Each structure stands twice: as structure tokens, then as C-alpha cells.
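Single-structure report; data block below.
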Amino acid sequence: ALLLDRQIAFSDVEKIAYREIKKVLKSVNLFDIYEDKRLGDNKKSYAVSFIFEDDQKTLKDEEVDKWMQRLMEQYKIELKAEIR
């Protein structure tokens, strides 16, 4: 889940994912949006899932972990996201 400023759209999250992980990222899905004062003023939480697929081979956990780390770093840098 990503804790973000309220004005950040899901399309921003998608754009970063597809830019960073080109060949094997098949979909980015938003499955929950949570907003509450306890998250902080002007904050919301997006629960996001990612589907990776390579038609040529079976993906290894290490590969997916590396891509997820890259995405989390980019979300922190570009969107000032907190990873939950």
C-alpha cells in the first residue's frame, strides 16, 4: 500500500510502473482506496497489485523482488510516497 498526498491520482502510480518495468509488467490494479484523518491531513492510501509475466520464461522471486524495490524507490522519490 502507498500512503500519498490526496491530490495524486492512480494514473500517476500507473505511469511510473509502466515506465520503470516495461517488458514484463502486464497490469497495475488499484483494489482499495482508504482515506481517514488518522492517516494525516490531505493523505490517502492506495492498495495496489502488480502482475508480472514473461512469455519466454518462468520468473524468479529475485527478479520480481528487484522490480518491486525499484518501484518502491521511484514512488518514494517521485510521489513522496510512504510504503505501508
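The values are calculated or read from the model by the stated rules, or taken from the named source; none is laboratory data. Since the model is a prediction, treat every value here as computed from it, not as a measurement. We place every Cβ from the backbone using ideal geometry, glycine too, and count neighbours over all the protein chains shown. Protein only, heavy atoms only, side chains kept; ligands, DNA and RNA dropped before computing areas. Shrake-Rupley method; radii C 1.70, N 1.55, O 1.52, S 1.80 Å.
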* Rough spin-label spacing in nm, given labels placed 7 Å along Cα→Cβ, for K23 and D55 -> 1.3 nm
* K37 versus R6, label points 7 Å from Cα toward the beta carbon: distance in nm? -> 1.3 nm
* Would you work out what percent of the accessible area of the chain, with all protein chains in place, is carbon or sulfur (probe 1.4 Å)? => 48 percent
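Using a 1.4 Å probe, what is the accessible area per residue for region 25-84, in Å²? Provide the component values of the computation, followed by the final result.
Working: 4320 Å² over 60 residues.
Using a 1.4 Å probe on heavy atoms only, each residue of region 25-84 averages 72 Å².
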* Suppose R0 equals 25 Å; then what is the FRET efficiency for K15 and R84 from their Cβ-Cβ distance, rounded to the nearest 0.05? -> 0.75
* For A47 and E73, compute 0.36 nm times the residue count separating them, minus their Cα-Cα distance, and round to one decimal in nm. => 7.7 nm
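Let me spell out the model: positive unit charges on the Cβ of Lys and Arg, negative unit charges on the Cβ of Asp and Glu, origin at the Cα centre of the chain. What dipole size does that give, in debye rounded to 20? Could the numbers behind the result be given before it?
Working: 17 positive and 18 negative charges, 38 e Å.
Computed about the Cα centre, the dipole is about 180 debye.
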* Structure fact -> Proximal lysine pairs in the chain, meaning Cα under 19 Å and 8 or more positions apart or interchain, come to 22
* Structure fact -> The answer for trypsin sites (Lys or Arg not before Pro) in region 1-50 that fall in a DSSP coil and have at most 16 neighbouring Cβ atoms within 10 Å is R6, K22, K23
* Structure fact -> Longest principal axis of the chain (C-alpha) makes with the long axis of helix 61-79 (C-alpha) an angle, in degrees to the nearest 10, of 30 degrees
* By how many degrees, 0 to 90 and rounded to 10, does the Cα axis of helix 10-20 deviate from the longest principal axis of the chain? -> 30 degrees
